[in-house]
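The values are calculated or read from the model by the stated rules, or taken from the named source; none is laboratory data. As the structure is a computational prediction, the values presented were derived from the model and not from experiment. Every residue, glycine as well, gets a Cβ built from its backbone with ideal geometry; the counts of neighbours run over all protein chains shown. For the accessible areas, the whole protein counts, side chains as well, though only heavy atoms, and no ligand, DNA or RNA atoms are used. Shrake-Rupley method; radii C 1.70, N 1.55, O 1.52, S 1.80 Å.
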Amino acid sequence: MHFSPEQLKVYFIAGSQNTNHDVDELISIVENACQNGITMFQYREKDSSTLPFANKVAVAQKLKTITNQYGVPFIIDDDIELMRAVNADGIHVGQDDTKIEQVISTCSDKIIGLSTHDQNEVSAANKIDGLDYIGIGPIFATNSKAHVKEAIGIDSLVQLYALANHPAVAIGGIHLNNVHDVLSTDVDGISVISAITKTNNFAKTISTLKGEL
């Protein structure tokens with residue numbers, strides 16, 4: 001699948017650790033999210049996840065069938081082997097994950113994303129050929145991931161986005177009550193976990209994250 005910055009508009013991330021280890025609920029949430037207009041999905045089994053590799057493959061295949069149906073790019077978090085097993089559309093890595101150079105050299109035909117947090121990391125990302133987009137954050141404090149860095153706030157988001165030469169998605173603690181602060185910047189999109197996994201109104205939530213409401 002070819003990458004375009006518009007795909008970052010509402011970038012949903014989730015794994016079984018975000019649905020109390022209930023895989024069926026995860027699949028149902030992803031389907032609802034796709035039906036209601038997310039533009040990219042990242043399957044992320046991390047932190048307290050207990051799924052063995054074979055189960056991850058089975059879940060990823062089900063999720064990819066759903067995302068394909070809606071034309072939503074399917075990204076795997078930091079697992080080249082899993083990405084290959086299900087022929088996912090792309091892979092995303094953090095600063096402490098698989099080295100980005102290794103990802104680019106082995107996955108050059110895929111959508112490739114990298115997390116960044118500060119000026120040094122964005123400057124380093126600027127020099128990487130073959131990178132499609134960066135994540136900038138966490139913007140606000142978040143409980144959806146373990147071992148997160150300190151929140152950087154809106155002003156730093158604006159500065160880092162201005163410095164970046166790749167499309168960028170804002171991530172970290174973004175919810176309906178603060179999303180308008182993020183939408184007021186020029187960033188290409190918004191990435192969320194719990195704003196969607198915990199919603200009881202997918203259509204309203206995703207429209208709000210897009211800035212439509």
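Return a yes/no flag: does region 105-114 have any residue that is over 16 Å from the mean Cα position of the chain (by Cα), more than 23 Å from ASP24 (Cα to Cα) and surrounded by 15 or more Cβ atoms within 10 Å (Cβ to Cβ). Yes, the conditions are met somewhere in region 105-114. The number of residues in region 67-104 that are hydrophobic (A, V, I, L, M, F, W, C), closer than 12 Å to LEU131 by Cα and under 11 Å from the mean Cα position of the chain (by Cα) comes to 2.
The single residue among ALA85, ALA54, ALA14, ALA33 that is over 30 Å from ALA125 (Cβ atoms) and aliphatic (A, V, I, L, M) turns out to be ALA54.
Mind checking whether some residue in region 57-71 is within 24 Å of SER16 (Cβ to Cβ), small (Gly, Ala, Ser) and modelled with pLDDT of 95 or more? The answer is yes; a qualifying residue exists. Is region 32-45 home to any residue that is farther than 26 Å from GLU150 by Cβ, touching an Asp or Glu at 6+ places or on another chain (Cβ under 8 Å) and among the small types (Gly, Ala, Ser)? Scanning region 32-45, I find no residue that is farther than 26 Å from GLU150 by Cβ, touching an Asp or Glu at 6+ places or on another chain (Cβ under 8 Å) and among the small types (Gly, Ala, Ser), so the answer is no. Scanning for something touching a strand residue (DSSP E or B) at 6+ places or on another chain (Cβ under 6 Å), of a type outside the set (Val, Ile, Thr) and open to solvent by 40 Å² or more (accessible area, probe 1.4 Å), does region 150-172 turn up at least one residue? Looking for residues that are touching a strand residue (DSSP E or B) at 6+ places or on another chain (Cβ under 6 Å), of a type outside the set (Val, Ile, Thr) and open to solvent by 40 Å² or more (accessible area, probe 1.4 Å), one finds at least one in region 150-172, hence yes.
Of all residues in region 28-56, those satisfying the criterion of being modelled with pLDDT of 95 or more and of a type in the set (Lys, Arg) are ARG44, LYS56. From the set of residues in region 173-213 that are more than 20 Å from TYR43 (Cα to Cα) and basic (Lys, Arg), which is surrounded by the most Cβ atoms within 10 Å (Cβ to Cβ)? Among residues in region 173-213 that are more than 20 Å from TYR43 (Cα to Cα) and basic (Lys, Arg), the one surrounded by the most Cβ atoms within 10 Å (Cβ to Cβ) is LYS210.
Condition test on VAL86, is it closer than 26 Å to LYS204 by Cα, out of contact with any Ser or Thr (no Cβ under 6 Å at 6 or more places or on another chain) and either open to solvent by less than 60 Å² (accessible area, probe 1.4 Å) or charged (D, E, K, R) (or both)? No.
I need a count of the residues in region 124-164 that are under 20 Å from ILE112 (Cα atoms) and hydroxyl-bearing (Ser, Thr, Tyr).
2
If you go through region 1-55 and keep only what is without any contact (Cβ under 8 Å) to a residue 60 or more places away in the chain, among the small types (Gly, Ala, Ser) and open to solvent by 50 Å² or more (accessible area, probe 1.4 Å), you end up with SER28, ALA54.
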